[in-house]
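> This is the structure, below, for whatever I ask next.
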Amino acid sequence: MSQTSLYDTWINDTSERRKASPDLRRIAFGPLFGIGALLLVGMWLYSRGDPMPRFWHAYLIAVTYFSSISLGGLFFVVVLHLTGAKWGVVLRRLGEIVSMGIGFCGLLWIPIWASLLGGDGSLYPWNTPGVMTLGAENYDSLLAGKVAFLNAPFFVGRGIFYFLLWFGMARYFFKRSVSQDHASGNGPMEPLRWWSGPAMLFFALSINFASMDWLMTLRPTWYSTIFGVYYFAGSAVAIFALFAVLVWRMQSRGVLTRTITVEHRHDIGKLLFGFTFFWGYIAFSQFLLIWYASIPEEMQWYAVRRITPSSTGISFATAMLFIFHLILPFLGLLSRHVRRQRGILAGWGVYMLVMHWFDLYYIIAPETAGGSLQWPGLPEIAVVLGMGALYAGALLWIAAGHWLVPVRDPWLAESLAFENI
Amino acid sequence: MLAQFEGPEELIAAARAIREKGYRKVEAFSPFPVHGIDKALAARSPVLPWVVLAAGLTGCTVALLMQWYMNATEGDYAFAGYQFGISGKPFWSLPANIPVAFELTILFAAFTSFLGMIAFNGLPRFSNPLFHHKRFAKATNDGFFLLIESEDPNFSEQAVTTAFESIGGKHVERLLDVPDQPIPRPFFTIAAIVAVVALLPLAYVAFARGGHSETPRLSIWCDMDYQPKAKAQTASDLFADGRSMRLPVAGTVARGGLRLDPRLHLGLEHDDGNDAGTGEAASAAPGAAPSDEDEAESPQKPWITEFPKEIEISQRTMTRGQQRFNIHCAVCHGRAGDGDGLVAQRAFQLQELGQAPAWKPPTSLHAETIRAQPVGQIYNTVTFGKLAPGGQRIGMAGYQEHISLEDRWAIVLYVKALQRTRDAQIDHLTEQEKAALQ
């Protein structure tokens with residue numbers, strides 16, 4: 001069947017759902033937000049007695065987790081425009097919706113920002129009163145040297161700037177793509193191609209600096225120049241893992257069953273596989289250089305994330321991460337047959353979403369949990385589930401009433417007819 | 001039989017149609033990879049990926065085994081590995097081995113897929129009937145072709161032609177398989193000459209290995225050969241004191257330099273404040289009477305008589321000590337400890353010719369005085385050496401920089417065992433061993 005005739009049949013095919021119902025706001029948003037808020041507030045009350053700000057750690061893990069998913073979505077959308085890739089057009093709207101979630105993630109940062117401006121240093125040690133004041137009891141000359149960059153107003157200002165930038169970009173790409181759904185020509189789409197270039201540049205720089213701010217300054221004396229790429233690799237893994245799960249979930253409910261074919265799922269699988277390996281490559285590069293030189297100021301970070309057995313917390317944590325975040329999914333996703341099976345691919349998607357969360361847990365948790373990596377407990381899990389409910393509610397709110405596939409995209413016909421082999 | 005089609009979509013449609021007509025030996029040609037053609041031709045899923053997977057795993061295993069064998073094993077057999085300490089890492093340390101494993105996995109997989117691709121496609125062939133076909137050259141440009149081979153069970157020229165034409169094939173033509181021509185003789189001559197010429201550089205290298213050259217070598221990367229840096233043990237006017245090597249900052253301790261346990265680190269019951277024991281510091285101490293007599297030196301120190309508890313007394317330590325002794329000590333003291341190692345023999349010879357001034361022969365480790373020494377004292381000698389007092393560096397140098405702490409103690413253990421070989425008494429044996437001897 002030629003592409004044009006395929007497209008004609010697709011247009012007239014009514015056997016699948018392609019549009020998110022506007023009722024979603026009413027049906028899904030309320031309950032999800034209710035559950036989410038309940039879990040978060042409950043956990044906050046529950047862990048108030050903890051000596052460390054455990055709740056806020058769990059909160060930071062969850063925020064950076066969902067931010068990374070939305071950033072992955074933004075990356076996917078921009079890179080499709082940048083490369084002019086046609087296969088992924090049927091998935092682009094999903095990416096756009098997920099990327100719009102970045103605005104919501106920005107709102108989630110407000111409590112942390114507020115506590116920082118209030119001079120609270122329990123989450124970010126550089127904000128502890130006194131550490132940067134000469135003569136104070138807890139003065140730390142190493143930290144004081146960084147005061148120009150690590151101070152609450154600048155930190156918060158940068159954060160707001162990143163989110164405005166990301167939300168601006170996501171919104172621009174989303175709005176234009178949506179107005180293309182009702183346009184007669186290709187007008188709305190045209191400038192996107194051009195803007196994808198600068199957008200990619202901004203994206204790369206901002207995610208780099210943001211991840212340093214959020215995660216690296218938890219231990220302000222430690223630095224790794226590859227850290228931004230590490231966080232980015234995780235977000236790319238997350239978005240394709242999410243796609244694998246989303247497609248399976250939607251198709252089992254009769255949404256886009258014809259539009260997204262085995263070929264597109266195959267490509268999601270390939271990209272998930274590729275970025276999982278990319279993550280491993282970056283994570284290992286960071287580890288190898290630090291481990292090899294074995295300089296105390298660099299090694300401190302891995303020293304608490306046990307390479308060797310430990311009596312408290314997770315033994316061999318770093319090695320475990322490599323095995324379960326890299327080797328296992330690498331072998332699991334290696335075969336084409338796995339990637340072309342909807343259910344199995346979705347299984348790996350869930351698995352990688354969990355592993356990506358664990359990766360962030362591994363980065364954030366030891367920084368206050370008494371300097372060792374413990375197994376996650378109730379607060380961490382409940383908070384990520386609660387925030388997940390809020391995040392899902394926000395995404396459904398954004399999606400409500402929109403086509404789930406860019407119906408008038410000039411390349412849609414080619415994307416529908418896409419074949420891998 | 002060969003037929004041409006309009007474009008990629010037509011090619012796929014035609015391939016599907018021709019298979020539906022029952023033809024099996026069908027091949028498609030296009031200037032670029034056409035997505036979906038494999039399915040249309042119902043091509044068998046290839047074995048090559050499995051072969052490549054196997055090759056990749058082999059590469060990974062080979063890399064790990066190779067590194068383990070080369071760097072983590074050492075022994076007394078031909079082609080043994082060599083334990084080479086790098087950066088203070090263990091000899092067998094997985095993280096350091098992963099980059100090599102990764103590269104070899106890829107190398108093996110890539111070569112296998114490249115060579116396997118060639119082999120599975122029956123290449124190389126010098127000629128193919130398709131090459132004699134004028135129109136077929138378009139297959140690398142804008143032509144899309146289907147071919148049905150005469151081996152196909154349903155093949156008949158007439159039927160195939162009509163089949164092709166019915167599905168829109170143009171220029172249906174018959175191709176004749178031309179048998180491969182034998183390779184012309186001159187090719188062999190040329191190949192032989194090329195092979196010989198290719199060996200010349202190697203031969204020259206082999207020849208030049210034994211030669212000498214008067215001209216200094218060319219310096220291609222001058223800034224690498226002559227770097228503006230201070231080399232060890234040289235002067236430098238950059239610093240006020242004129243040394244290029246800097247002294248440690250006051251109050252700092254080098255890594256591994258913390259020696260708090262006098263038993264383990266000095267061989268003494270308690271630290272007497274003079275940590276160099278009988279060695280270099282003692283010889284530098286002012287007022288020490290210059291004397292060659294062992295006994296005449298500083299008063300007996302509180303040497304420990306038992307091995308420190310950190311040192312495991314076992315066959316393993318003993319074997320290690322033997323090995324280290326034969327490497328570090330035997331050159332002077334001889335394998336049996338009689339003081340007749342190769343260095344000593346050579347020195348005797350030179351002395352007879354009058355060419356070796358001030359030289360002190362290595363002590364026999366079986367001498368009465370040495371046998372009486374407690375383990376702490378022998379350890380101290382190994383660590384700090386035994387230099388004749390007076391600043392002249394005559395005697396034995398210390399080995400603390402060269403031999404690790406554990407190994408120094410292992411050597412002491414072995415020396416004690418060596419001494420026992422000359423002085424074994426019947427009461428050294430247990431009742432059981434006595435019984436076994438009788």
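> Being surrounded by 12 or more Cβ atoms within 10 Å (Cβ to Cβ), of a type in the set (Asp, Glu), over 33 Å from the mean Cα position of the chain (by Cα) and modelled with pLDDT under 85, is that true of even one residue in segment B:254-271?
Yes - at least one qualifying residue is present in segment B:254-271.
> I've got another one for you. Taking the criterion of being modelled with pLDDT of 85 or more, within 14 Å of chain B (Cβ to nearest Cβ) and in a helix (DSSP H, G or I), would at least one residue in segment A:356-364 satisfy it?
Checked against the condition, which is being modelled with pLDDT of 85 or more, within 14 Å of chain B (Cβ to nearest Cβ) and in a helix (DSSP H, G or I), segment A:356-364 yields no hits at all.
> Can I ask one more? List every residue pair whose Cβ atoms sit under 7 Å apart, with the two residues 6 or more apart in sequence or on different chains, where the first one lies in segment A:78-104 and is aromatic (Phe, Trp, Tyr) and the second, anywhere, is open to solvent by 20 Å² or more (accessible area, probe 1.4 Å).
Filtered contacts from segment A:78-104: A:87/A:418.
> Same structure, new question: Can you tell which of B:77, B:69 is more than 14 Å from chain A (Cβ to nearest Cβ), not in a helix (DSSP H, G or I) and not charged (D, E, K, R)?
B:77
> With the structure loaded, tell me whether residue A:82 is open to solvent by 10 Å² or more (accessible area, probe 1.4 Å), in a helix (DSSP H, G or I) and not aromatic (Phe, Trp, Tyr) or whether it fails that test.
Spelling it out, residue A:82 is indeed open to solvent by 10 Å² or more (accessible area, probe 1.4 Å), in a helix (DSSP H, G or I) and not aromatic (Phe, Trp, Tyr).
> Could you check segment B:129-173 and list, in sequence order, the residues that are in a strand (DSSP E or B) and either outside the structural domain of residue B:16 (by TED's automatic domain parsing) or open to solvent by 50 Å² or more (accessible area, probe 1.4 Å) (or both)?
Within segment B:129-173, B:170, B:171, B:173 qualify.
> Right, here's the next one. Considering each of B:58, B:73 in turn, give the residue that is among the hydroxyl-bearing types (Ser, Thr, Tyr) and open to solvent by 60 Å² or more (accessible area, probe 1.4 Å).
Being among the hydroxyl-bearing types (Ser, Thr, Tyr) and open to solvent by 60 Å² or more (accessible area, probe 1.4 Å) holds for just one of B:58, B:73, which is B:58.
> Only residues in segment B:236-264 that are in contact (Cβ under 8 Å) with a residue 12 or more places away in the chain and over 30 Å from residue B:311 (Cβ atoms) count as the first member; pair them with residues that are of a type in the set (S, T, N, Q) and open to solvent by less than 80 Å² (accessible area, probe 1.4 Å), Cβ under 8 angstrom, at least 6 apart or cross-chain, and list the lot.
Partner pairs satisfying both residue conditions: B:244/B:234; B:244/B:236.
> How many of the residues in segment A:49-61 are in a helix (DSSP H, G or I) and either under 10 Å from the mean Cα position of the chain (by Cα) or not aliphatic (A, V, I, L, M) (or both)?
So the answer is 5.
> Please verify whether residue B:13 is in contact (Cβ under 8 Å) with a residue 24 or more places away in the chain, within 14 Å of another protein chain (Cβ to nearest Cβ), assigned to a helix (DSSP H, G or I) and surrounded by 14 or more Cβ atoms within 10 Å (Cβ to Cβ), treating the condition exactly as stated.
Answer is yes for this residue.
> Mind listing whichever residues of segment A:159-186 are surrounded by 16 or more Cβ atoms within 10 Å (Cβ to Cβ) and of a type in the set (Lys, Arg)?
Matches in segment A:159-186: A:176 only.
> Looking only at segment A:311-321, decide whether some residue is touching a Lys or Arg at 6+ places or on another chain (Cβ under 7 Å), free of Cβ contacts under 8 Å to residues at least 60 places away in the same chain and within 14 Å of another protein chain (Cβ to nearest Cβ).
yes
> Among the residues of segment A:328-344, which ones are free of Cβ contacts under 8 Å to residues at least 24 places away in the same chain, under 24 Å from the mean Cα position of the chain (by Cα) and within 12 Å of chain B (Cβ to nearest Cβ)?
Restricting attention to segment A:328-344, the residues satisfying the condition of being free of Cβ contacts under 8 Å to residues at least 24 places away in the same chain are A:328, A:331-332, A:335, A:337, A:341, A:344.
Filter again for under 24 Å from the mean Cα position of the chain (by Cα), leaving A:328, A:331-332, A:344.
Answer for segment A:328-344, where residues must be free of Cβ contacts under 8 Å to residues at least 24 places away in the same chain, under 24 Å from the mean Cα position of the chain (by Cα) and within 12 Å of chain B (Cβ to nearest Cβ): just A:331.
> Can you name every residue in segment A:288-305 that is at the interface with chain B (Cβ under 10 Å from one of its Cβ atoms) and either open to solvent by 50 Å² or more (accessible area, probe 1.4 Å) or under 19 Å from residue A:330 (Cα atoms) (or both)?
A:292, A:293, A:296 - these are the residues of segment A:288-305 that are at the interface with chain B (Cβ under 10 Å from one of its Cβ atoms) and either open to solvent by 50 Å² or more (accessible area, probe 1.4 Å) or under 19 Å from residue A:330 (Cα atoms) (or both).
> Condition (residue is within 30 Å of residue B:26 (Cα to Cα), among the charged types (D, E, K, R), surrounded by 10 or more Cβ atoms within 10 Å (Cβ to Cβ) and touching a strand residue (DSSP E or B) at 6+ places or on another chain (Cβ under 7 Å)) applied to segment B:174-188: is it met by at least one residue?
The answer is no; no qualifying residue exists.
The values are calculated or read from the model by the stated rules, or taken from the named source; none is laboratory data. Keep in mind it's a predicted model, so treat the numbers as computed, not measured. Cβ: placed from backbone, ideal geometry, glycine included. Neighbour counts: every protein chain shown. For the accessible areas, the whole protein counts, side chains as well, though only heavy atoms, and no ligand, DNA or RNA atoms are used. Shrake-Rupley method; radii C 1.70, N 1.55, O 1.52, S 1.80 Å.
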